[in-house]
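The values are calculated or read from the model by the stated rules, or taken from the named source; none is laboratory data. Being a predicted model, the structure only gives us computed values, none of them experimental. Every residue, glycine among them, receives a Cβ derived from its backbone with ideal geometry; neighbour counts consider all protein chains shown.
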Amino acid sequence: MQTTHPQAFDRDDVLFAPVLRTGRGFYAAVAVLLAVAAWGAYAYTTQLRYGLGVTGLNRPVAWGFYIVNFVFFIGISHAGTLISAILRLCNAEWRRPITRAAETITVLVLFFGLGSIIIDLGRPDRLFYVLQYGRLQSPLLWDVTSITTYLTASTLYLYMPLIPDLALLRDRARGWRRQLYTAISLGWRGTPEQHRRLERGIAVMAVLVIPIAVSVHTVVSWVFSMTLQPMWKSTIFGPYFVTGAIFSGMAALIIAMAAVRRAYHLENYLKPVHFNSLALLLLTMSLLWFYFTFAEHLTAYYGGELAEGAVLFAKVTGPYAPEFWAMVVLNLVIPLAIMANRRTRTVAGIVTASASVLVGMWLERYLIVVPTLANPRLPYARGLYFPTWVEWSITAGAFALFILLYMVFTKLFPIISIWEVREGRELGIQEAYERIESYLPGPGVGAGGPIALR
Amino acid sequence: MARWGMVIDLDRCTGCQACVVTCKAENNVPVVTPREAQAGRLMLWMTVIPEVEGEFPRVRARFTPRPCMQCDHPPCVKVCPVQAMTKSPEGTVSHVFARCIGCRFCVQACPYGVTYFNWQAPTWPKDLRESLNPDFAIRPTGVVEMCDFCHHRLQHAREEARAEERDVRGEGEYVPACVQACPARALIFGDLDDPNTAASNLAHSPRAFRMLEDLGTSPKVYYLKEG
Amino acid sequence: MKLTRRGFLGWTGAVAAAAAGAQTVRAIGDLQAATYEAELPPRGIEGWVASVCQQCPGGCGILVRTITGVEDGVKRAVKIEGNPHHPISRGSICPKGLAGLQALYDPDRLRGPLKRTGGRGQGQWQPVSWDEAIATVVQHLQGLRARGEAHTLLLMAGQVRGLMQSLLLRFLDAYGSPNYLSTASGCEAAQQTLLLTQGIAAPIASDLENSAYILSFGAGLLEAGWSPVRQARAYGHLRQGTPGRRGRLVQVEPRLSVTAAKADEWIPVRPGTDGALALAMAHVIVSEGLFDREFVEAWTFGFEDWRDPAGTTHLGFRSLVLNDYRPEAVSAVTGVPIQTIVRVAREFAATRPAVALAERGAGFYTNGLYNRLAIHALNALVGSIEIPGGTVIQRRPPLTPLPPVTRDAAAVRGLAAPRIDGAGTSNSPLASSALPWLPEALRTGSPYRPNALFLCYANPAYSVPEFVRSPDLLDRIPLIVSFSPFPDETSRHADLILPDHTYLERWQDDPIEATWGPAVLGLRQPAIPPRHQTRHTGDVLIQIAQGLGGAVAAAFPWKDFGEVLKGSLRDVAGTQRGLIMTTPFEEARQRRQADAGFWLPTYKTFDEFWSQVAERGGWWDPAYSFGDRERAFRTASGKFEFFSQTLRQRLETLARRGPASGGGLEGVLRALDIRARGDRVFLPHHEAPRFVGDEKEFPLHLIMSKPMSLASTRTANHAWLAEIPDVRTSRPWEIAVEINPETAHKLGVKDGDEVWLESPAGRLRLRARLYQGIAPEVVHVPFGSGHGAGGRFAEAWGANPNRLVGGEADRLAGTPALFATRVRITKA
Ligand SMILES: Nc1nc2c(c(=O)[nH]1)N[C@H]1C(S)=C(S)[C@@H](COP(=O)(O)OP(=O)(O)OC[C@H]3O[C@@H](n4cnc5c(=O)[nH]c(N)nc54)[C@H](O)[C@@H]3O)O[C@H]1N2
Ligand SMILES: Nc1nc2c(c(=O)[nH]1)N[C@H]1C(S)=C(S)[C@@H](COP(=O)(O)OP(=O)(O)OC[C@H]3O[C@@H](n4cnc5c(=O)[nH]c(N)nc54)[C@H](O)[C@@H]3O)O[C@H]1N2
Ligand code: SF4
Ligand code: SF4
Ligand code: SF4
Ligand code: SF4
Ligand code: SF4
Ligand SMILES: [Mo]
């Protein structure tokens, strides 16, 4: 590959730095996270040993934190592959420094989504019965299928754009790392042929991955909406879940970006403009989310059906009201207040809004799962749900482990796609020029002309 | 082929709960500690639900026994990822403990809330263990269980009928434990497709209704309203 | 290695991770371990044993399914079901009966005789041999007899009947003590009603199945009463039994009990005022001329005003109700609207057959017996006595009488002593046992100090308020022997426990006593051999008697209880009537034959009879001759007596005999705290009830009931029942106080709050349940939980309302006024 900006190469050093050098803070963070994760694992062994009785689950609330986490994690996964694919297909140039960070989230978090389900099982030792005796009619089986597909696709989609960077690393690293990068960079030399194939592959994957991603969260929503439970049986649950997923995913992405930017001094790559663009998207999603939420609750209210009403009022004015209104504030009021205002739409502001959205979206998942179960159609077994230390610990452990793995990833692979950034630099200027050209007054060049020519 | 069903006469039921206890005994349903029970983990495949309406002194109370509705279109069966919930050709819904992975999807799918999960391994004081019914396995931890119309009794009746090379009779031969115990004779059981059984006749009575009928689950448990 | 901070943190994490890893591996190992896997209880050869339940006085027939293990040869009882041949239950059974397995396999039951080692009530025991235990008892009893103190042996029994009760009475008779005390004396008042009105000391039974109108004054038909299962079956029959006909049930009661809930009408009444209500209904029936003229004229005494041989005019029932019980006045007393009184009275009189029932709801007040008399008077008004669908007198099976007892001098002397509780005297002239006065006797040592106490099927430290609050009163008795198979509250105070078999391990007869007309004799037999070193109390009694030697031994000439039992059945086999329990179909056939004059027994020899009875579960005689007035009216007048000459005679005898009360009849009435004077004393009337606790300070009435799934101490340790205590308001393992929401609101109490219930006698912490089905001035606590002993489950939950119950009694009947206590509620 040819480089036209030598000084740019120097600047990109900072992208290699995290992989090649590790500071003290990193280990400290690892230790803390490891301890939390280990505590979570311990909690899980308690659960294995004594059964799910150690949780706060009961009748009628037979699903709790684990299923909430499952939905939440799968939601987060939409941060990556889906956003990156959309941006790629739209040729959004500003995407270049953020796709990798996003895709990584997807791949890692999917494990936690699946893991949450396994943690929730009464008999994890019988997991493989799902393959052995699987019943195609069961939405849970659809879930298993779509999530594994998504995981495979996302892994490929993460891996393919990584190859050129692996080659770059291969040339810089030594010792076991060198061997590792040599093995997994699959003999990348950067030949035009290789480039052509890679780009084609990425493009195909990007197209494929979008319906898969959409299907994943739709199917997740169907786990609920295929039942007859009040406020679950909803036709808009599919898009509602997908919207929520992208919404929370973007918030997660923003926070991840901010974190690596800070930790690895990537201010020159992840610029306010990136945050700004994402913030506007997040804002859109926030409104979209609110639209769905409103529609969902209005229909429940307006119909006046008793069972639905019970759930609705449990959320709005009943025992779940604090969580409900917190959710509205966190998902709508705060993001709107911060991001609709140019003055507060700073990196810090955006990150704050994203954190708010993350918590809010977790609460949203909680409020979908728990109040419905606590207010079943027949008023016989009403219940409340108070998670025990086991659920808190496992949840904390899962989050800690996720962050840990993400951190480790940044130590093995560049979290910003180096070759794409470089490519962007070259193409970007030219492209921008051509694009401007395309709509500037002048002869001969119609809309789309230069792009079509290219 | 028979289509087994139950009719519950709310006019007759006195809320005595004999059906509840006999079911526990018949099916080795574990007892939980007071703390667990408070936490909502009581296991009663059959329960009697009291409903009180009105204000003093004009008050009415009704007692509704609630087994599994044995739906003809059972949502619990559809959602089970491992086919542990099954519907037999005769229409009875039962559950294969040995296969259940404990996902509790069936619990969410059942609009009647009749499925129970084993939150922990059942424990029986040594002496009480002696009285367990040998016809029925003790469930391990982590699996769901629910009323299966005393499936082992059907099997038993079937074996006897097979020995005589005939079908199980539509009435009287296969009788679930709760139906057998009921002092007020509020529970009536039989083949719903056989017009000669009391159960099928009562199921067509003008007093008959089914729980949450509009959901389309087609329960095979019919209720007869008071009066 | 140099330990840097970074290294330290890293290591910590690594160690934690490794530890967690190891844990996970271990836990997964556990997961595969046997306890996690499904297991099948031992299989074996199936058997069915016919027997009789004894969880309550119902007397239902049961079939016990047994499995004899193929591998270990052990016979296990795995299920109790109803015996379809038994006429009381016809295959039905109630939750208590089903839970009997948990009595048999009670993990906390006693496994052999025990001798107390620690202090009284501390529950420290040491196993002893049966021989030693029996020798100890014999020695003590011999000493008493030698000192001329045979009468100081007290025998306290609860719900026990048939030969077992005969043996207990016989033992006292031969030994020489008049002191048979009954914890079940509260249920005895039903006998007194019949004694005073019909001259027969037997409980009132009724032919519920055939009734068209049941007017129940607080009878727990669908939960308690004499035979909950039979009553529930009768109810089912009443409801949907006959096509096109639906009998009516009206329940009078301060709270919406299960019976009230299932009734066509619920009439909330002020506690203790049932008598007034019944008499107001009588007023309507009499004033509107709706009564059964024919019956009243021919078969009753004291309806009209009458003149005695001496020429004095006496008040008749007609004038009494017409003058004293106008619905307007009674409505104010009872809280029942006038229109309701009038309407129900008319319905009751217009529907035939109709029956009025009284149980302890109306009876557990200071005016209990008068209430019962008033209610039974309604039956007489409409002629519902000894007719199908009316009240009947249960026939007894024709058992071979036990040979008479020849008393020795010590016995004669002992029996001549007064009863320790003064039953039959001005304490309680009609009672055969008056437990409410025992605590006082123990406290004061008057008329004498008891020296020994036998406890059989009775647990006063749970069921009798005084003994609940101060069980140490019992400690004044030098020797207490308990025969209970379970470590209950009272047995804790015993010196010796000689545990009986449970009812599923022994032979016993069970004659139905107070349920319906026909004679029924159930046979209880071991479902499995005794599991522990327990012994049939009947056998132990025989052994003690034989140890005592002389005339006492001579009165017990049997090898064991089994011999008594078999011997007593000989006459039954030979009566040439009745039949061995069988299917209704077979019964009908046999009855047709018998009606045609052929009594064709299914057996030839006694042994055949015996083995058939054992196989089927009992014998009964379906024939009941309604309308046998000779049998039904044994009064001086030979009629139903509105004006009870029996009562008059008893009270006048007392007045003549008793210097204790001084001034003649007036003195007696004062001692009995009866306020009426003149003829009213002997007529059903409303005595204003007395209550424990001042109305201002304690504004609420505390009432109790026996829910279907609890039976005092017998079901105390059954976890299955603790999960479903009361179908209306209870949660699993919870006994709550029911409060009307309006009252609760005033007190600031919300559903599920913990509250204190306080009475002058004590206080109790409970959870409150708001319930629209209870009168605002009344609160209700189910009876049967809250045990201080008796096993792990018994002690784990509930509350015993007896802690609050004050010491009032119906002095005339000698029964405790258990519902006559006022309480107040405060938030805990
Ligand atoms: N399940 C069960 N059955 C039993 C027993 C048992 O322990 N458990 N025990 C047996 C024995 S020993 C007996 S004595 C019988 C007792 O049988 P019952 O006397 O029929 O039953 P209880 O429940 O004690 O009756 C008390 C009822 O009276 C009502 N009551 C209270 N105050 C008043 C009042 O002022 N007026 C009226 N009208 N009603 C009032 C209460 O609400 C309650 O429902 O049951 C027998 N059967
Ligand atoms: N507050 C309040 N108190 C009440 C009542 C009420 O309604 N409210 N009801 C009253 C009435 S009606 C009654 S009848 C009494 C009942 O009170 P009790 O007559 O004292 O009856 P239980 O409490 O059932 O005690 C029965 C005893 O028999 C023992 N036992 C069980 N099985 C056997 C056996 O096979 N053999 C022997 N030898 N013993 C055995 C048990 O361990 C237990 O100790 O309570 C009275 N007390
Ligand atoms: S809990 Fe068991 S039976 Fe229910 S859906 Fe899951 S695997 Fe099937
Ligand atoms: S009642 Fe519930 S568990 Fe029973 S068949 Fe219907 S859906 Fe399934
Ligand atoms: S049919 Fe059998 S399993 Fe179902 S409630 Fe009745 S006794 Fe229980
Ligand atoms: S056994 Fe019969 S009467 Fe009793 S609660 Fe059950 S259905 Fe009702
Ligand atoms: S009613 Fe009494 S005798 Fe009959 S089964 Fe129930 S507890 Fe036993
Ligand atoms: Mo009693």
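The residues on offer are C:A146, C:A135, C:A157, C:A99, and the sole one that is surrounded by 23 or more Cβ atoms within 10 Å (Cβ to Cβ) and either away from ligand 1 (no atom under 16 Å from the Cβ) or under 20 Å from the mean Cα position of the chain (by Cα) (or both) is C:A99.
Scanning segment C:121-154 for residues that are touching a residue at least 60 places away in the same chain (Cβ under 8 Å) and of a type in the set (S, T, N, Q) yields C:Q122, C:T136, C:Q142, C:T152. The selection criterion, being in contact with a helix residue (DSSP H, G or I) (Cβ under 9 Å, 6 or more places away or on another chain), surrounded by fewer than 23 Cβ atoms within 10 Å (Cβ to Cβ) and modelled with pLDDT of 90 or more, does not hold for A:F65. Against the conditions (1) at the interface with chain B (Cβ under 9 Å from one of its Cβ atoms); (2) more than 15 Å from ligand 5 (Cβ to nearest atom), C:P87 satisfies every one except (1). Looking across segment C:404-436, just one residue is free of Cβ contacts under 8 Å to residues at least 24 places away in the same chain and not small (G, A, S), and that is C:P404. Among the residues of segment B:123-146, those identified as free of Cβ contacts under 8 Å to residues at least 24 places away in the same chain and either of a type in the set (D, E, K, R) or within 16 Å of ligand 5 (Cβ to nearest atom) (or both) are B:K126, B:D127, B:R129, B:E130, B:D135. When we screen B:E165, B:E159, B:E171 for residues that are without any contact (Cβ under 8 Å) to a residue 24 or more places away in the chain, in a loop (DSSP other than H, G, I, E, B) and either more than 16 Å from ligand 8 (Cβ to nearest atom) or within 13 Å of another protein chain (Cβ to nearest Cβ) (or both), the only hit is B:E165. Residues in segment C:228-274 that are hydroxyl-bearing (S, T, Y), more than 10 Å from every other protein chain (Cβ to nearest Cβ) and under 22 Å from B:L187 (Cβ atoms): C:T242 alone. Scanning segment C:525-535 for any residue that is under 24 Å from C:S185 (Cα atoms) and buried (at least 24 other Cβ atoms within 10 Å of the Cβ) turns up nothing.
No other residue among B:Q108, B:Q120, B:Q83 is away from ligand 5 (no atom under 15 Å from the Cβ), within 9 Å of chain A (Cβ to nearest Cβ) and at positive phi apart from B:Q83.
How about segment B:145-202: which of its residues are under 28 Å from B:V107 (Cβ atoms) and more than 16 Å from ligand 6 (Cβ to nearest atom)? The answer is B:E145, B:M146, B:D148, B:H151, B:H152, B:R153, B:L154, B:Q155, B:Y174, B:L192. Just so you know, in segment C:221-236 the residues that are within 9 Å of ligand 1 (Cβ to nearest atom) and aliphatic (A, V, I, L, M) include one that is farthest from the chain's Cα centre (by Cα), and it is C:L221. Taking segment C:764-781 as the range and being more than 10 Å from chain B (Cβ to nearest Cβ) and in contact with a Ser or Thr (Cβ under 6 Å, 6 or more places away or on another chain) as the test, only C:R769 passes.
At the interface with another protein chain (Cβ under 7 Å from one of its Cβ atoms), within 12 Å of ligand 4 (Cβ to nearest atom) and surrounded by fewer than 22 Cβ atoms within 10 Å (Cβ to Cβ): does that describe B:K78?
Working: at the interface with another protein chain (Cβ under 7 Å from one of its Cβ atoms): yes; within 12 Å of ligand 4 (Cβ to nearest atom): yes; surrounded by fewer than 22 Cβ atoms within 10 Å (Cβ to Cβ): yes.
Yes, satisfied.
Going through A:V204, A:V214 one at a time, which residue ends up being over 20 Å from the mean Cα position of the chain (by Cα), away from every other protein chain (no Cβ under 14 Å), among the aliphatic types (A, V, I, L, M) and not in a loop (DSSP other than H, G, I, E, B)? Unique residue meeting the criteria: A:V204. With respect to the stated conditions, B:V96 is surrounded by fewer than 18 Cβ atoms within 10 Å (Cβ to Cβ) and within 11 Å of ligand 3 (Cβ to nearest atom).
Does segment C:707-715 contain at least one residue that is within 14 Å of chain B (Cβ to nearest Cβ), free of Cβ contacts under 8 Å to residues at least 60 places away in the same chain, on the phi < 0 side of the Ramachandran plot and outside any strand (DSSP E or B)? Before you say what the answer is, go through the steps one by one.
At the first step, the residues of segment C:707-715 found to be within 14 Å of chain B (Cβ to nearest Cβ) are C:707-711, C:715.
With free of Cβ contacts under 8 Å to residues at least 60 places away in the same chain added as a condition, the list becomes none.
Checked against the condition, which is being within 14 Å of chain B (Cβ to nearest Cβ), free of Cβ contacts under 8 Å to residues at least 60 places away in the same chain, on the phi < 0 side of the Ramachandran plot and outside any strand (DSSP E or B), segment C:707-715 yields no hits at all.
Name the residues in segment B:1-52 that are among the polar types (S, T, N, Q) and within 16 Å of ligand 4 (Cβ to nearest atom), would you?
Taking segment B:1-52 as the starting set, the residues that turn out to be among the polar types (S, T, N, Q) are B:14, B:17, B:22, B:27-28, B:33, B:38, B:47.
Answer for segment B:1-52, where residues must be among the polar types (S, T, N, Q) and within 16 Å of ligand 4 (Cβ to nearest atom): B:N27, B:T47.
Looking at the structure I just gave you, is B:T86 among the β-branched types (V, I, T), farther than 25 Å from A:R382 by Cα and either within 19 Å of the chain's Cα centre (by Cα) or more than 16 Å from ligand 6 (Cβ to nearest atom) (or both)?
On the way: among the β-branched types (V, I, T): yes; farther than 25 Å from A:R382 by Cα: yes; either within 19 Å of the chain's Cα centre (by Cα) or more than 16 Å from ligand 6 (Cβ to nearest atom) (or both): yes.
So B:T86 fits the description; yes.
When C:G272 is tested against the conditions (1) crowded, with 24+ Cβ neighbours inside 10 Å; (2) over 22 Å from C:V333 (Cβ atoms), the lone failure is (2).
When you look at A:I117, is it part of a helix (DSSP H, G or I) and facing another protein chain (nearest Cβ under 8 Å), yes or no? Criteria met by A:I117.
Is at least one residue of segment B:82-91 under 25 Å from A:G64 (Cα atoms), surrounded by fewer than 24 Cβ atoms within 10 Å (Cβ to Cβ) and touching a helix residue (DSSP H, G or I) at 6+ places or on another chain (Cβ under 9 Å)? Yes, that holds for at least one residue. Could we say that B:L154 is within 11 Å of another protein chain (Cβ to nearest Cβ) and under 20 Å from the mean Cα position of the chain (by Cα) here? Against the criterion (within 11 Å of another protein chain (Cβ to nearest Cβ) and under 20 Å from the mean Cα position of the chain (by Cα)), B:L154 does not qualify.
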